Amino acid sequence: MNIVKSFGRVVGYLVSIHLLTLLVMSLCRLILLLANMPAEGVDWGLLPTALLIGVQFDNLIASYISALPALVLPVFALATMHREEYSLWMRRLTSGVTWYYGVLYAILIFVHVANARYFHFFENHLNIGVTAWFGFVGDTAGMIFEDRTNWYFLLMALVLIALFEFALVAINKAFAHGWSSADNRSQKQYFLSSVLTVLLWGIVFCGIRGSFQRYPLKVSFAYFSNKPFYNKLGVNPVFNIIKSAEYGTIPVPKEIAAIGEKDAIRYVQQELGFVPADTLRPVVREGSVHRLVEGQPNIVLIFMESMAQENLDRQENGQYLTPYLRSLREKSLYWANCYSAGIHTNNGIVGVHYGFVPNFAKPSMDVNADIYTGLPYYLQKNGYGTLCFVTGNPQYDNMNSFWRDNHIDRIYSLYDYEPDSAVNNFGVSDGYLFRYGLRCLDEYATSGKPFFASFLTVSNHGPFIVPEAYQDRAAKPENQIIAYADDAIRQFMEAAEQTEWGKNTLFVLVADHGANLASPYEMVYPYNRIPVFITGPGIKPHTLTTPASQIDIWPTVLSLLGVEYKNNCLGVDVLNEDRRYAFFVSDDHLGVSDGEYFWCYGIQTRRECLYRVGSGENLLSRELEKAAEMRAFGMNMQRVNLLAIDKQWTRP
């Protein structure tokens, strides 16, 4: 065998494995498609293009992984094919390379299949933000394995891994006995093989680059239509994790950082209409105070897990899933056009209690916590006890350390509840949480000291544990559990209102975030659109239709109470201050809305869209002025929001 033929065998081995990996990743993409089939069915005009784009992204990842074997194998072959031991050495080396591929692709296949399930919940691919869950291995594992559907995905991953490993071994065997030293070793043959080696490296480099265009492949290259699902279908989840990690190392995304600090601060001051009270902290101003509630009422804050605004209008079997919350609108100050700060519970905790929007996919509550003022701080200063009730492990999301650093006196958790009271890995049910909390508040009220109590519900988060009494309310557990969550709130509210302390309590009900419901937009609108209810003594029933945000809750509540405070966030007292738009985040997207228009921007894709709410048509090119106005609002607000956190203007 001459040198060129020997070299061709090396290339054949690498190409065979490369094609196998592309096939397996394409199968993973089909799993993603089948697990997240669009409600309107498959668009056969867009699907082939999305799948072809997917091959381009998969080829980039496969090229990265093949770079080391493509570098080592040809050089080793050229250097040793004149030796008698060449056949033995090549068999050993290719066996090692086969192991290399086997281990890496087992991990990648698992990531791909896990991504198909993740996409179901977040309408987006895995990103580097999920690594924050690794610090809570037990809780995360429970969340995954207690949901029976996840077992099917795990089984699919294991089957795919097994099939891949079987095919990989078969390729290795097919090439194992064909390595033989070259008997024709002319200078011409060496030169030609060397040229082909360099050419191979060039091909691998082009694969790593992902594109023959001016710029290397980016997430935005996958976007080719006006239907978000097909734009996202082509993106390789491993590529998305890598790119989100690159963005995660940047304190502020460059599009936002490009706005000058002074310009952004000036914009915010003019937009919100205030003159700063502190020249060193130019967002800090005297808070709006318009007392409507007499005395020092207790404050009970209920976080409703994943309670999207749309849930209030959902019906099944001729019944609304949330009859109590629907009735509560009639006797509350009801915020009908409100938005969550982010799409994770830790975002909601910081947004509601302290008034800040998250830095995209970065967790809002680190172990080394930012220090805030906000609702607990000012209530604590005014003589309130501050309590929190969580269903499970208080260490999850660093809640325990974060809250203790930020003016919460006492946290009730799974550490306090009766043994065997947990129903899943997230702890006790909403009903148990409220019953336990009711007893604690009854006891606390005997001290005569007013209290602030936050309840974090979780039943409406998978894995769903639905009590038998609610299983006939809907066909699917994800709808049954909404009915249960609504009724658990009803029972707590009715019981609390019968107590002496309950008659002197302001109840604030707010979703931590919305849910991944059907959405025709680039960014999942229902994930940030949430209801808010404020009810209690002195509150006249009223529906607020102007834009509002979670970050407006603490200034509004303190204003209602007549508590003097310094506002150091971009939230406002929505009853007495103007807000044109709300701005919010969904991992790698920034959104702005007033309820009529919805503008969003992808930090990774740099894709900008403008919609009229209710229509999936991108109006960006037709309504340039409106888009520019909303873009300026979102970018400047987020610039100053992140600046305030970075500069620690959040502190007392």
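The values are calculated or read from the model by the stated rules, or taken from the named source; none is laboratory data. Predicted model only: the values in this text are computed from it and were never measured. Cβ sites come from the backbone with ideal geometry, for glycine too, and all protein chains shown count toward neighbours. In case anyone asks, the SASA skips ligands and DNA or RNA and just uses the protein heavy atoms, side chains included. Shrake-Rupley method; radii C 1.70, N 1.55, O 1.52, S 1.80 Å.
Quick rundown of the values:
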{"item": "Chain lengthening between A245 and R651 when straightened (0.36 nm per residue, less Cα-Cα)", "result": "143.3 nm"}
{"item": "Burial ranking of peptide ranges 9-22, 94-107 (average Cβ count within 10 Å, highest at the top)", "result": "9-22, 94-107"}
{"item": "Amide H within-cut-off set for A511, under 5 Å, with H built and near neighbours excluded", "result": "M304"}
{"item": "Alpha-carbon centroids, the stretch 193-247 and the stretch 382-459: separation in whole Å", "result": "47 Å"}
{"item": "Solvent-accessible surface (1.4 angstrom probe) belonging to F533, in square angstrom, nearest 10", "result": "0 Å²"}
{"item": "Where the stretch 339-451 is the region considered: accessible area per residue in Å², 1.4 Å probe", "result": "34 Å²"}
{"item": "Computed E for A336/L88 - FRET, C-beta separation, R0 51 angstrom, nearest 0.05", "result": "0.10"}
{"item": "Accessible area, probe 1.4 Å, largest first, for residues C440, C569", "result": "C440, C569"}
{"item": "Estimated vicinal HN-Hα couplings, Hz - the stretch 302-314 in sequence order (Karplus 6.51, -1.76, 1.60; Gly, Pro = x)", "result": "10, 8, 8, 4, 6, 8, 5, 3, 5, 4, 5, 10, 7"}
{"item": "By accessible area with a 1.4 Å probe, ligands and nucleic acids excluded, highest first: order of D573, D420", "result": "D420, D573"}
{"item": "Where labels lie 7 Å past Cα in the beta-carbon direction, separation of A170 and K540 in nm", "result": "7.7 nm"}
{"item": "Protein accessible area in the stretch 428-515, 1.4 Å probe - carbon and sulfur %", "result": "49 percent"}
{"item": "Cleavage-rule hits, chymotrypsin sites (Phe, Trp or Tyr not before Pro), the stretch 278-345, DSSP coil, Cβ neighbours within 10 Å at most 15", "result": "none"}
{"item": "Listed candidates (1) 3, 11, 13, 12, 12, 12, 11, 10, 8, 6, 3, 1; (2) 3, 15, 23, 22, 16, 10, 6, 3, 1, 0; (3) 3, 11, 17, 19, 19, 15, 9, 4, 2, 0, 0 - label of the one calculated as P(r) over Cα pairs in 10 Å bins from 0, in percent", "result": "(2)"}
{"item": "The stretch 525-576: C-alpha gyration tensor shape, a/c 1.5 cut-off, then a/b vs b/c", "result": "oblate"}
{"item": "Label-point gap, in nm, between F212 and S615 - each point 7 angstrom along Cα→Cβ", "result": "4.0 nm"}
{"item": "Computed lengthening from L23 to K262, 0.36 nm per intervening residue step minus Cα-Cα distance", "result": "80.8 nm"}
{"item": "Full-stretch length increase - Q491, Y152 - with 0.36 nm per residue and alpha-carbon distance subtracted", "result": "118.4 nm"}
{"item": "Global form of the stretch 344-476, assessed from the alpha-carbon gyration tensor, a/c cut-off 1.5", "result": "oblate"}
{"item": "Gyration tensor verdict on the stretch 26-108 (Cα atoms; rounded if a/c is under 1.5, prolate if a/b is larger than b/c, oblate otherwise)", "result": "prolate"}
{"item": "DSSP H segments from the chain that extend 15 Å or more along their own axis, Cα-based, with Kyte-Doolittle mean of 0.5 or above", "result": "3-35, 47-80, 86-122, 148-176, 187-209"}
{"item": "FRET efficiency for L104 and T49, using Cβ-Cβ distance with R0 set to 35 Å, rounded to 0.05", "result": "0.75"}
{"item": "Residue-level accessible surface for S421, protein heavy atoms, 1.4 Å, Å²", "result": "20 Å²"}
{"item": "Modelled FRET efficiency - R0 51 Å, D313 with S194, Cβ distances, 0.05 increments", "result": "0.15"}
